[in-house]
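Asker: Here it is: the structure, laid out below.
The values are calculated or read from the model by the stated rules, or taken from the named source; none is laboratory data. Just so we're clear, the structure is a prediction, and the values are computed from it rather than from any experiment. Virtual Cβ from ideal backbone geometry, glycine too; neighbours counted across all protein chains shown.
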Amino acid sequence: MSERKSWPLYEVFVRGKRGLNHVHVGSLHAADDEMALHNARDLYTRRNEGVSIWVVKAEAITASSPSEKDPFFAPSGDKVYRHPTFYAIPEEVPHL
Amino acid sequence: MTATHHDVREPDLEAVFQATIDADQRIEPRDWMPDDYRRTLIRQIAQHAHSEIIGMQPEGNWITRAPSLRRKAILLAKVQDEAGHGMYLYAAAETLGVDREELTEKLISATQKYSSIFNYPTPSYADVGVIGWLVDGAAICNQVPLCRCSYGPYARAMVRICKEESFHQRQGYELLLAMVNGTPEQQAMVQESVDRWWWPSLMMFGPADGDSPNTQQSMAWNIKRHTNDELRQRFVDMSVPQAEALGVTLPDPDLRWNPERQAHDFGEPDWSEFTAVIAGSGPANTQRLAHRRRAHENGAWVREAAQAYAEKHS
């Protein structure tokens, strides 16, 4: 049994209620997708915390690298004109 | 997870790590961290996870004999929560690069520890109430500051756990209220149980500050936010009025209010007992580990069958 490799790791995402995004809540091990879903229900929604669950094998996620954080996100750093506060509008102009 | 790599020199990494800690920000799994920080967290989180898993046994002992369907349902839900807490914590430990299987092996081979409190037996039903009140109460004192621990996955697991622990403590206290309002025999059961659990509960905060070698480093890393003695004091101050409301006596002749300190003075736990229980000589150490080992071995065929089924259908 010990030579058999352990069940894969799944990441779990729960939608708290209608109208909200699924949010990452943690991870668990399961033999297959269906078991992952059932385990996620038992582990992360024992008190009605969710109306919908996504599970995905952790190995299927591609992530940005933390050590590259600054260069990776640099392109958005100097584009202040993407924010509404960049534009000066006279105070008396309504609804802007 | 897969990711691209980008080399940064180690001194820079250490500076970034320290700046993150100093700004009271969270460290996340794939951030660079010092080996000692990683090792300390793995040890602490694994020990915490093992405590939740072993912690199912003392109370699980009473599930079949709970006096009513209501009490049985509550106890089942509580023990199921302990399993859940263990799972959240194992998942947090795994983000540091250890393997679940490896952690289980280390528990059942006694190479990693769990809280000494779970090595005490539960011979009386009142123990279910006292564990909820005192043991879970002490755990809450320890755990609330961990919600602000510098390691993100651990802090997030603690937020979930603390929300659920509140039910644990209240159900225990309510159970005791029912018993102290019952027959003289029931009242005596509560007092007898409090007499056994009070000192081991104080030991849950760990050795006195002067004898706690890891505290300073853990506080510098924002893993720990308060010393053992600070938390122990907080627990005593919280428990005294709760004991009064129950009409039970806490078994410490030195326990009294100190108006100068605005806190209770209290006696010293028997640290030789603490050391002995940690070293494996507590009343139930052997039984707890043997039970966990047996459960793991008896579950092997289930894990294998599920794996075989998954392979067949993939």
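Asker: Under the condition of being among the hydrophobic types (A, V, I, L, M, F, W, C) and surrounded by 10 or more Cβ atoms within 10 Å (Cβ to Cβ), which residue from region A:66-96 is nearest to the other protein chains (Cβ to nearest Cβ)?
Answerer: Going residue by residue through region A:66-96, those that are among the hydrophobic types (A, V, I, L, M, F, W, C) are A:72-74, A:80, A:86, A:88-89, A:93, A:96.
With the extra rule that they be surrounded by 10 or more Cβ atoms within 10 Å (Cβ to Cβ), the set shrinks to A:72-74.
Working: A:F72: 9, A:F73: 13, A:A74: 13 Å.
The extreme case among them is A:F72.
Asker: Given the conditions (1) in a helix (DSSP H, G or I); (2) more than 18 Å from the chain's Cα centre (by Cα), report the number of the one that B:G97 does not fulfil.
Answerer: (1)
Asker: Can you name the number of the only condition in (1) among the aliphatic types (A, V, I, L, M); (2) more than 30 Å from B:F17 (Cβ to Cβ); (3) in a helix (DSSP H, G or I) that B:L231 fails?
Answerer: Only one criterion in (1) among the aliphatic types (A, V, I, L, M); (2) more than 30 Å from B:F17 (Cβ to Cβ); (3) in a helix (DSSP H, G or I) is unmet by B:L231, namely (2).
Asker: Please go through region B:259-314 and give me each residue that is within 14 Å of chain A (Cβ to nearest Cβ), farther than 25 Å from B:Q112 by Cα and touching a helix residue (DSSP H, G or I) at 6+ places or on another chain (Cβ under 7 Å), ordered by number.
Answerer: B:A306 - this is the single residue of region B:259-314 that is within 14 Å of chain A (Cβ to nearest Cβ), farther than 25 Å from B:Q112 by Cα and touching a helix residue (DSSP H, G or I) at 6+ places or on another chain (Cβ under 7 Å).
Asker: Can you tell me which residues in region B:172-188 are touching a residue at least 60 places away in the same chain (Cβ under 8 Å) and either closer than 15 Å to B:A138 by Cα or of a type in the set (V, I, T) (or both)?
Answerer: Result: B:Y173, B:V180.
Asker: Continuing with this model, one more query. Could you list, in sequence order, all residues of region A:45-65 that are at the interface with another protein chain (Cβ under 8 Å from one of its Cβ atoms), over 17 Å from B:R160 (Cβ atoms) and either without any contact (Cβ under 8 Å) to a residue 12 or more places away in the chain or of a type in the set (D, E) (or both)?
Answerer: The answer is A:E59, A:T62, A:A63, A:S64, A:S65.
Asker: Tally time: how many residues in region A:9-44 are in a loop (DSSP other than H, G, I, E, B) and either at the interface with chain B (Cβ under 9 Å from one of its Cβ atoms) or basic (K, R) (or both)? Reasoning before the result, please.
Answerer: As a first pass, look at region A:9-44 and keep what is in a loop (DSSP other than H, G, I, E, B): A:16-21, A:30-32.
Those left that are additionally either at the interface with chain B (Cβ under 9 Å from one of its Cβ atoms) or basic (K, R) (or both): A:17-18, A:30-32.
Number satisfying all stated conditions: 5.
Asker: Within region B:221-276, track down each residue that is farther than 12 Å from B:L202 by Cα, of a type in the set (S, T, Y) and in contact (Cβ under 8 Å) with a residue 12 or more places away in the chain.
Answerer: Residues satisfying the conditions are B:T227, B:T249.
Asker: Kindly provide the set of residues from region B:272-314 that are of a type in the set (A, V, I, L, M, F, W, C), surrounded by 13 or more Cβ atoms within 10 Å (Cβ to Cβ) and over 25 Å from the mean Cα position of the chain (by Cα), ordered by number. First the steps, then the outcome.
Answerer: To start, the set of residues in region B:272-314 that are of a type in the set (A, V, I, L, M, F, W, C) comprises B:274, B:276-279, B:284, B:289-290, B:295, B:300-302, B:305-306, B:308, B:310.
Among the residues that remain, those that are also surrounded by 13 or more Cβ atoms within 10 Å (Cβ to Cβ) are: B:274, B:276-278, B:284, B:289, B:295, B:306, B:310.
The answer is B:A306, B:A310.
Asker: Examine region A:62-77 for a residue that is under 28 Å from B:Q307 (Cα atoms), outside any loop (DSSP other than H, G, I, E, B) and modelled with pLDDT of 95 or more, and state whether such a residue exists. Walk me through it before giving the result.
Answerer: Of region A:62-77, the ones under 28 Å from B:Q307 (Cα atoms) are A:62-63.
Imposing the further condition that a residue be outside any loop (DSSP other than H, G, I, E, B) reduces the set to A:62.
Restricting the remaining residues to those that are modelled with pLDDT of 95 or more gives none.
No, region A:62-77 has no match at all.
Asker: Of the conditions (1) at pLDDT 95 or above; (2) closer than 26 Å to B:Q191 by Cα, B:G282 clears all except one; give me its number.
Answerer: Of (1) at pLDDT 95 or above; (2) closer than 26 Å to B:Q191 by Cα, only one is false for B:G282: (1).
Asker: Conditions first: (1) of a type outside the set (A, V, I, L, M); (2) at pLDDT below 95; (3) touching a Lys or Arg at 6+ places or on another chain (Cβ under 8 Å). B:E59 passes all but one, so which condition is the exception?
Answerer: (2)
Asker: Here is a further query. With the checklist (1) within 22 Å of B:A188 (Cα to Cα); (2) surrounded by fewer than 20 Cβ atoms within 10 Å (Cβ to Cβ) in hand, flag the one item B:E102 doesn't pass.
Answerer: (1)
Asker: Output yes when any residue across region B:214-226 is in contact with a Ser or Thr (Cβ under 8 Å, 6 or more places away or on another chain) and either among the basic types (K, R) or within 30 Å of B:L177 (Cβ to Cβ) (or both), and no when none is.
Answerer: Here is the first cut: in region B:214-226, the ones in contact with a Ser or Thr (Cβ under 8 Å, 6 or more places away or on another chain) are B:214-215, B:217-219, B:221-224.
So of that shortlist, the ones also either among the basic types (K, R) or within 30 Å of B:L177 (Cβ to Cβ) (or both) come out as B:224.
Checked against the condition, which is being in contact with a Ser or Thr (Cβ under 8 Å, 6 or more places away or on another chain) and either among the basic types (K, R) or within 30 Å of B:L177 (Cβ to Cβ) (or both), region B:214-226 yields at least one hit.
Asker: Which residue out of B:P259, B:P253, B:P269 is at pLDDT 95 or above, farther than 28 Å from B:A178 by Cβ and surrounded by 13 or more Cβ atoms within 10 Å (Cβ to Cβ)? Steps first, answer last, please.
Answerer: Values: B:P259 fails: surrounded by 13 or more Cβ atoms within 10 Å (Cβ to Cβ); B:P253 fails: surrounded by 13 or more Cβ atoms within 10 Å (Cβ to Cβ).
Result: B:P269 is the single residue among B:P259, B:P253, B:P269 that is at pLDDT 95 or above, farther than 28 Å from B:A178 by Cβ and surrounded by 13 or more Cβ atoms within 10 Å (Cβ to Cβ).
Asker: Here's something else I'd like to know. In region A:43-62, is there at least one residue being over 30 Å from B:Y88 (Cα atoms), surrounded by 13 or more Cβ atoms within 10 Å (Cβ to Cβ) and not small (G, A, S)? Step through it out loud before you land on a result.
Answerer: Filtering region A:43-62 for residues over 30 Å from B:Y88 (Cα atoms) gives none.
Checked against the condition, which is being over 30 Å from B:Y88 (Cα atoms), surrounded by 13 or more Cβ atoms within 10 Å (Cβ to Cβ) and not small (G, A, S), region A:43-62 yields no hits at all.
Asker: Which one of B:E59, B:E14, B:E28 is loosely packed, with under 15 Cβ neighbours inside 10 Å and in contact (Cβ under 8 Å) with a residue 40 or more places away in the chain?
Answerer: Details: B:E59 fails: loosely packed, with under 15 Cβ neighbours inside 10 Å; B:E14 fails: in contact (Cβ under 8 Å) with a residue 40 or more places away in the chain.
Selected residue: B:E28, the only one of B:E59, B:E14, B:E28 that is loosely packed, with under 15 Cβ neighbours inside 10 Å and in contact (Cβ under 8 Å) with a residue 40 or more places away in the chain.
Asker: Given the structure, is B:Y37 aromatic (F, W, Y), assigned to a helix (DSSP H, G or I) and under 26 Å from B:G129 (Cα atoms)?
Answerer: On the way: aromatic (F, W, Y): yes; assigned to a helix (DSSP H, G or I): yes; under 26 Å from B:G129 (Cα atoms): no.
Spelling it out, it is not the case that B:Y37 is aromatic (F, W, Y), assigned to a helix (DSSP H, G or I) and under 26 Å from B:G129 (Cα atoms).
Asker: Looking at B:G84, B:G55 in this structure, which one is under 30 Å from B:T122 (Cβ atoms), more than 11 Å from chain A (Cβ to nearest Cβ) and of a type in the set (G, A, S)? Can you show your working first?
Answerer: Working: B:G84 fails: more than 11 Å from chain A (Cβ to nearest Cβ).
Matching residue, one of B:G84, B:G55: B:G55.
Asker: Tell me the residue from B:A110, B:A91 that is in contact with a Leu (Cβ under 7 Å, 6 or more places away or on another chain), within 23 Å of B:A139 (Cα to Cα) and more than 10 Å from every other protein chain (Cβ to nearest Cβ), please. Lay out the reasoning, then the answer.
Answerer: On the way: B:A91 fails: more than 10 Å from every other protein chain (Cβ to nearest Cβ).
Exactly one of B:A110, B:A91 is in contact with a Leu (Cβ under 7 Å, 6 or more places away or on another chain), within 23 Å of B:A139 (Cα to Cα) and more than 10 Å from every other protein chain (Cβ to nearest Cβ), namely B:A110.
Asker: What is the number of the single condition among (1) under 21 Å from the mean Cα position of the chain (by Cα); (2) part of a loop (DSSP other than H, G, I, E, B) that A:W54 does not meet?
Answerer: (2)
Asker: Restricting attention to region B:175-213, report how many residues are in a loop (DSSP other than H, G, I, E, B) and touching a helix residue (DSSP H, G or I) at 6+ places or on another chain (Cβ under 7 Å).
Answerer: Here the count works out to 6.
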